[in-house]
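Peer 1: Attaching a single structure in structure tokens format; questions to follow.
The values are calculated or read from the model by the stated rules, or taken from the named source; none is laboratory data. All of these numbers come straight from a predicted model, not from anything done at the bench. Heads up, the Cβs are rebuilt from the backbone with ideal geometry, glycines too, and the neighbour counts pull from every protein chain shown. Side chains included, ligands, DNA and RNA excluded: accessible areas come from the protein's heavy atoms. Shrake-Rupley method; radii C 1.70, N 1.55, O 1.52, S 1.80 Å.
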Amino acid sequence: MLPLEGVTVIAVEQYGAGPFGTMLLADLGAEVIKVENPAEGGEVGRHVGPHFFGPGNSHFYQSFNRNKRSITLNLKHPEGMAVLHELVRHADAVLDNLRGDLPDKLGLTYEHLKAVNPKIVCAHLSAYGRTGPRRAWPGYDYLMQAEAGYLSVTGEPDGPPARFGMSVVDMMTGLMTAFGLVSGVVGARASGKGSDVDVSLFDTALHNMTYLATWYLNGGHNQGREPRSAHPSLTPSQLYRTRDGWLFVMCNKEKFWPVFCDKIGKPEWGQDPRFRSFKDRLANRELLTVLLDEVLGQRDTAEWVEILGGAVPAAPVLDIAQSLENPFVRDSDRVADFAYPDGSSGVRMLTGPVRIGGETLPTRPAPALGADTEDVLGRIGIGPERIAALREQGAL
């Protein structure tokens, strides 16, 4: 029994942020019914290249939609909206990740749906929120990173501003929306009354500035970029050169510093007045970087990981291929084969990050466009004749 079994989510979603959030819900047992407009060839993520398993089945789409179901439904058609209402009557939540002004126009808010199901939770993921001067603005991850300050603290001090290599704001916002949705469902089941839940890319990006924001708001400190991806105040907590590459070391507690010194053959540095405390090491960080580069440069990265592993927080710097071929990943259940229902060759992908003790999480690949339309609609009493009529009318 997975924790979200018995929870049904209608997902009016596209691209990355919304699908990422609902995928995490589906991993934990929720039935996520993905609503896709057949007139548009389904959601845009199906067509994001450059890598495809087939038409309308991109690697990108598969990466954000495992364990879901797909129905075709045109919400701009009156009969399509009528079908949505019938689905909502049997659902716990509706999630959309549309431009902020669109949920109200499409009738996806609690105000529009409460007459159908007073317990429905309507989760809205937008760029800038559903209120305020930017409610109708489109927006994407990299824009949020730019405006929320991320680029100003990423990269080397003498280089240009740099974004994260991944769409980290999309994924954080998807997770935040899933958290808000589940919280809303818990509340609705207790009170009998649903609600709107709003999360935006911008608010999530801004909120994740955490202590950097507090430093500025209370002390006026405007943090910039640090060399070698260093922590702004804790040292050593940065990149160091090895004989064949790079090693990231994080002595983020004082207890790790003397252990690190012993492991690298420099026990005397543990009590050196220049390096004894975080404050001392920060004042002498440039010198310490030179000294540690010299020592760590005498061995390969893998050797240092073997020496330091389990005693001092350290990690090798790997590329994408190396990270996935890492035995710690390869020899575990962090990657799995997601088999298609017809038994044809499936998709090899990452599994979800949440483990539920004693339970096997589902490993279904993302569904084909409209693959579950007849089954999902049949369960709520829409039979073959009406389905055929809806298709003829352009509602499905």
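Peer 1: Would you be able to say whether some residue in the range 83-104 is at negative phi and either outside the structural domain of Asp372 (by the TED database) or of a type in the set (Lys, Arg) (or both)? Outline the logic, then answer.
Peer 2: Quick first cut of the range 83-104, residues at negative phi only: 83-104.
From what's left, either outside the structural domain of Asp372 (by the TED database) or of a type in the set (Lys, Arg) (or both): 89, 99.
Yes, the range 83-104 has at least one match.
Peer 1: Here is a further query. Looking at Val295, is it at pLDDT 95 or above, among the β-branched types (Val, Ile, Thr) and in a loop (DSSP other than H, G, I, E, B)? Let's see the steps before the verdict.
Peer 2: On the way: at pLDDT 95 or above: yes; among the β-branched types (Val, Ile, Thr): yes; in a loop (DSSP other than H, G, I, E, B): no.
Considered against the rule, which asks whether it is at pLDDT 95 or above, among the β-branched types (Val, Ile, Thr) and in a loop (DSSP other than H, G, I, E, B), Val295 comes out as no.
Peer 1: Would the range 8-24 turn up any residue that is open to solvent by 10 Å² or more (accessible area, probe 1.4 Å), in contact (Cβ under 8 Å) with a residue 12 or more places away in the chain and over 19 Å from the mean Cα position of the chain (by Cα)?
Peer 2: The answer is yes, given that some residue of the range 8-24 is open to solvent by 10 Å² or more (accessible area, probe 1.4 Å), in contact (Cβ under 8 Å) with a residue 12 or more places away in the chain and over 19 Å from the mean Cα position of the chain (by Cα).
Peer 1: Does any residue of the range 143-153 turn out to be hydroxyl-bearing (Ser, Thr, Tyr) and closer than 29 Å to Asn222 by Cβ? Can you show your working first?
Peer 2: Residues of the range 143-153 that are hydroxyl-bearing (Ser, Thr, Tyr), as a first pass: 150, 152.
Among the residues that remain, those that are also closer than 29 Å to Asn222 by Cβ are: 150, 152.
Yes, some residue in the range 143-153 is hydroxyl-bearing (Ser, Thr, Tyr) and closer than 29 Å to Asn222 by Cβ.
Peer 1: Collect the residues in the range 355-381 that are at pLDDT 95 or above and touching a Leu at 6+ places or on another chain (Cβ under 9 Å), keeping them in residue-number order.
Peer 2: Gly370, Thr373, Val376, Leu377, Ile380
Peer 1: In addition: Has the range 307-318 got any residue that is touching a Lys or Arg at 6+ places or on another chain (Cβ under 6 Å), modelled with pLDDT under 95 and either open to solvent by less than 50 Å² (accessible area, probe 1.4 Å) or more than 28 Å from Phe260 (Cα to Cα) (or both)?
Peer 2: No: zero hits.
Peer 1: So if I check each of Thr301, Thr289, which one is in contact (Cβ under 8 Å) with a residue 40 or more places away in the chain, under 23 Å from Gln322 (Cα atoms) and polar (S, T, N, Q)? Walk me through how you get there before you give the answer.
Peer 2: On the way: Thr289 fails: under 23 Å from Gln322 (Cα atoms).
Answer to the selection: Thr301.
Peer 1: Within the bounds of the range 156-166, is there any residue that is closer than 23 Å to Phe60 by Cα, in a loop (DSSP other than H, G, I, E, B), open to solvent by 50 Å² or more (accessible area, probe 1.4 Å) and in contact with a helix residue (DSSP H, G or I) (Cβ under 7 Å, 6 or more places away or on another chain)?
Peer 2: yes
Peer 1: Quick test for you: out of Ala39, Ala82, pick the one residue that is assigned to a helix (DSSP H, G or I), surrounded by fewer than 18 Cβ atoms within 10 Å (Cβ to Cβ) and at pLDDT below 95. Explain how you work it out, then say what you get.
Peer 2: Values: Ala82 fails: at pLDDT below 95.
Selected residue: Ala39, the only one of Ala39, Ala82 that is assigned to a helix (DSSP H, G or I), surrounded by fewer than 18 Cβ atoms within 10 Å (Cβ to Cβ) and at pLDDT below 95.
Peer 1: Condition (residue is within 30 Å of Thr235 (Cα to Cα) and of a type in the set (Ser, Thr, Tyr)) applied to the range 341-349: is it met by at least one residue?
Peer 2: no
Peer 1: Could you tell me which residue of the range 88-97 is farthest from Ala115 (Cα to Cα), considering only residues that are open to solvent by 10 Å² or more (accessible area, probe 1.4 Å) and either among the charged types (D, E, K, R) or assigned to a helix (DSSP H, G or I) (or both)?
Peer 2: Selected residue: Asp92.
Peer 1: Regarding Arg46, is this residue touching a residue at least 60 places away in the same chain (Cβ under 8 Å), under 21 Å from the mean Cα position of the chain (by Cα), part of a helix (DSSP H, G or I) and surrounded by 18 or more Cβ atoms within 10 Å (Cβ to Cβ)?
Peer 2: On the way: touching a residue at least 60 places away in the same chain (Cβ under 8 Å): yes; under 21 Å from the mean Cα position of the chain (by Cα): yes; part of a helix (DSSP H, G or I): yes; surrounded by 18 or more Cβ atoms within 10 Å (Cβ to Cβ): yes.
So Arg46 passes the test.
Peer 1: Out of the residues in the range 127-142 that are within 17 Å of Asn208 (Cβ to Cβ) and in contact with a Gly (Cβ under 7 Å, 6 or more places away or on another chain), which is most open to solvent (accessible area, probe 1.4 Å)?
Peer 2: Residues of the range 127-142 that are within 17 Å of Asn208 (Cβ to Cβ), as a first pass: 127-129, 139-142.
Imposing the further condition that a residue be in contact with a Gly (Cβ under 7 Å, 6 or more places away or on another chain) reduces the set to 127-129.
On the way: Ala127: 9, Tyr128: 37, Gly129: 15 Å².
That would be Tyr128.
Peer 1: Something else about it: So is Ile382 in a loop (DSSP other than H, G, I, E, B) and open to solvent by less than 50 Å² (accessible area, probe 1.4 Å) or not?
Peer 2: yes
Peer 1: Here is a further query. Being surrounded by fewer than 15 Cβ atoms within 10 Å (Cβ to Cβ) and assigned to a strand (DSSP E or B) is the filter here, so list the residues in the range 346-367 that pass it.
Peer 2: Arg348, Leu350
Peer 1: Also: Please enumerate the residues belonging to the range 98-117 that are open to solvent by less than 70 Å² (accessible area, probe 1.4 Å) and assigned to a loop (DSSP other than H, G, I, E, B).
Peer 2: Restricting attention to the range 98-117, the residues satisfying the condition of being open to solvent by less than 70 Å² (accessible area, probe 1.4 Å) are 98, 100-103, 106-110, 113, 116-117.
Correct list: Leu98, Gly100, Asp101, Gly107, Leu108, Thr109, Val116, Asn117.
Peer 1: A follow-up question, please. Collect the residues in the range 178-228 that are buried (at least 16 other Cβ atoms within 10 Å of the Cβ) and of a type in the set (S, T, N, Q), keeping them in residue-number order.
Peer 2: Across the range 178-228, the qualifying residues are Ser195, Ser200, Thr204, Asn208, Gln223.
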